[in-house]
Amino acid sequence: MENLKSQLNPHFLFNSFNTLDGLIEEDNKDRSLSFVENLTAFYRLVLEHGKSKLVSFDDELKLVSLYVNLLNERFEDSIVLEVQDTCADCKIPPLVLQILAENAVKHNEFNGQNILTIKIYRSENWICVSNNRRPKQYPVASSKSGLENIMQRYRLISNQEIVIEPSDLEFIVKLPIIYKESEN
């Protein structure tokens, strides 16, 4: 379980420092400070969540929101995160939403004119995470380790399976809802 949780992409930290370096070179103190504050808050939550096998859905939403804010600094506000419903009584394995956002960024073309939209919503007994699809012209080699990580964690924690629904226009991952009382 610890090995599965520790698969946060190390390139994210490298890219974050490069983004910060660029902000410092631009001599943009306010944006640099904001970026550092968001990066610090993000990693604080990562460390807190890393101690748990489940976290509240709301806490996981905070983490993915910070993650998308950091990405938007790098990609000039070309990613939109839409949360259509919350699930206050739900639990989720840590970093699952972050991994799904990371996958959307990794596999799709986006820019200021072609926004990447990541939606998180509840549908019956599922937490759904979807993104519009605009596959990269030169696809990135993928080991599918992000989705495999999520699948394995759900099996270990809840004995449930996630559902993956790709289409030409959208990529959807359905995560089974885990309620607080089933946390044991």
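The values are calculated or read from the model by the stated rules, or taken from the named source; none is laboratory data. None of these values were measured; they are calculated from a predicted model. No Cβ is skipped: glycine too gets one built from the backbone with ideal geometry, and neighbour counts run over all protein chains shown.
List of remarks:
- Ala88 meets the conditions (1) modelled with pLDDT under 90; (2) aliphatic (A, V, I, L, M); (3) farther than 30 Å from Glu161 by Cβ in every case but one. The failed one is (3).
- Residues that are in contact with a strand residue (DSSP E or B) (Cβ under 8 Å, 6 or more places away or on another chain), in a strand (DSSP E or B) and either among the aromatic types (Phe, Trp, Tyr) or buried (at least 16 other Cβ atoms within 10 Å of the Cβ) (or both) do occur in segment 157-171, at least one of them.
- Evaluated against (1) surrounded by fewer than 19 Cβ atoms within 10 Å (Cβ to Cβ); (2) closer than 23 Å to Ile157 by Cβ, Gly112 falls short on exactly one condition, (2).
- Residues in segment 123-156 that are among the basic types (Lys, Arg), over 15 Å from Val105 (Cβ atoms) and under 17 Å from the mean Cα position of the chain (by Cα) were compared, and the one that is surrounded by the most Cβ atoms within 10 Å (Cβ to Cβ) is Arg153.
- Those residues of segment 125-184 which are polar (S, T, N, Q) and within 27 Å of Ala88 (Cβ to Cβ), in sequence order: Asn125, Ser130, Asn131, Asn149, Gln152, Ser158, Asn159, Gln160, Ser182, Asn184
- Number of the condition not met by Lys174 [criteria: (1) without any contact (Cβ under 8 Å) to a residue 60 or more places away in the chain; (2) under 16 Å from Asp58 (Cα atoms); (3) basic (Lys, Arg); (4) buried (at least 18 other Cβ atoms within 10 Å of the Cβ)]: (2)
- Residue check for Ala41: in contact with a Lys or Arg (Cβ under 9 Å, 6 or more places away or on another chain), at negative phi and of a type in the set (Gly, Ala, Ser): yes
- Test for Gly50: is it over 21 Å from Asp168 (Cα atoms) and touching a Pro at 6+ places or on another chain (Cβ under 8 Å): yes
- Hits in segment 22-59 - residues which are outside any helix (DSSP H, G or I) and either touching a residue at least 40 places away in the same chain (Cβ under 8 Å) or under 24 Å from Ile120 (Cβ atoms) (or both): Gly50, Lys51, Ser52, Lys53, Leu54, Val55, Ser56
- For segment 103-124, the tally of residues that are farther than 22 Å from Val163 by Cβ and either touching a residue at least 40 places away in the same chain (Cβ under 8 Å) or of a type in the set (A, V, I, L, M, F, W, C) (or both) stands at 2.
- Ser130 meets each of the listed conditions (1) in a helix (DSSP H, G or I); (2) touching a residue at least 24 places away in the same chain (Cβ under 8 Å) apart from (1).
- Within segment 72-94, residues that are under 11 Å from Asp58 (Cα atoms) reach partners that are part of a strand (DSSP E or B) and polar (S, T, N, Q) with beta carbons closer than 8 Å, at six or more positions or on different chains, in the pairs Ala88/Ser56; Cys90/Ser56; Lys91/Ser56; Ile92/Ser56.
- Of the residues screened, Thr19 is one that is of a type in the set (S, T, N, Q), touching a helix residue (DSSP H, G or I) at 6+ places or on another chain (Cβ under 6 Å) and either outside any strand (DSSP E or B) or surrounded by 15 or more Cβ atoms within 10 Å (Cβ to Cβ) (or both).
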